[in-house]
1. Extending each Cα 7 Å along its Cβ direction at THR63 and GLN14, get the distance between those two points in nm, one decimal.
2. If I build a Gaussian network model for the chain, linking alpha-carbon pairs within less than 10 angstrom, which residue out of GLN55, GLN132, GLN177 has the largest mean-square fluctuation?
3. Under a Cβ-only charge scheme (Lys and Arg +1, Asp and Glu -1), can you give me the dipole magnitude of the chain about the Cα centre, in debye to the nearest 20?
4. Expected output is a single nm value to one decimal: the length gained when fully extending between LEU5 and THR31, i.e. 0.36 nm times separation in residues minus the C-alpha distance. What is it?
5. At a Cα cut-off below 28 Å, give the lysines reachable from LYS202, other chains included and same-chain residues fewer than 8 away excluded.
6. Over the residues of region 4-189, compute the C-alpha Rg and express it relative to 2.2 N^0.38 Å.
7. Suppose R0 equals 22 Å. What FRET efficiency, 1/(1 + (r/R0)^6) with r the Cβ-Cβ distance, do SER143 and LYS52 give to the nearest 0.05?
8. Once every DSSP H run of n ≥ 4 in the chain is given -39500 (n - 2.57) and the sum is divided by its residues, what mean residue ellipticity at 222 nm do you get, rounded to the nearest 500 deg cm²/dmol?
Amino acid sequence: MGAELISGRKSRIQRTTSESDVYVEMDLDGTGTSEISTSVPFYDHMLTALAKHSQVDLTVRATGDTHIDVHHTVEDVAISLGEVLKTALGDKSGIRRFGEASVPLDEALARAVVDVSGRPYLVHEGEPEGQQYHLIGGHFTGSMTRHVFEAITYHASICLHMDVVRGRDPHHIVEAQFKAFARALRAAVEDDPRVTGVPSTKGAL
């Protein structure tokens, strides 16, 4: 069930449980192309934006017990995303490691800071009270946004600070976060021509 490296910085995972069946493939050195089908339309929209703005090629095919709730499928896809990201990064030699981005979407503004640290940590703040209860697109509950980032950061072993600076529309608040994460991730995983080896005084990440 673990992720496997295909070549270069391209990896994949097939994750099957009694609740979902998930296939994810990721190429960190892509052009932002994506093929996304999770059976949760709003989530598809967010993952398409994630691929586009991170310039990561991403394939996601997922089915699950969405007749009960979308929670299991959304979470299991996020777990799989974290696993393939961690595997694709390898020993992290030559990367920039840190990335930061602020992204607006009309009235909403989100700021993301990423550290490919090898230590999972999430700080997620600033969503307006009530955001967690909104049903977006008829399927995706606002509370799932934080849960997605929790799963990705834990399974990728990265640190993410996500701050919603302002926002009113629930859709905009979530989308600004996914796009900010994408842009910060893009910067963090890019090759840095000035870096030799792993960008850490410890010698490992």
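1. Label at THR63, label at GLN14, 1.4 nm between them.
2. GLN132
3. Values: 20 positive and 29 negative charges, 152 e Å.
Value, rounded to 20: 720 debye.
4. Length gained between LEU5 and THR31: 7.5 nm.
5. Cα-Cα hits under 28 Å: LYS10, LYS86, LYS92.
6. Its radius of gyration relative to the 2.2 N^0.38 Å reference: 0.94.
7. That pair, SER143 with LYS52, gives E of 0.35.
8. Estimated from H runs of four or more residues: -10500 deg cm²/dmol.
Only the coordinates and a few stated rules stand behind these numbers; no lab work does. A quick note: this is a predicted structure, and the numbers were derived from the prediction, not measured. In this analysis, Cβ positions are derived from the backbone assuming ideal geometry, glycine residues included, and neighbour counts consider all displayed protein chains.
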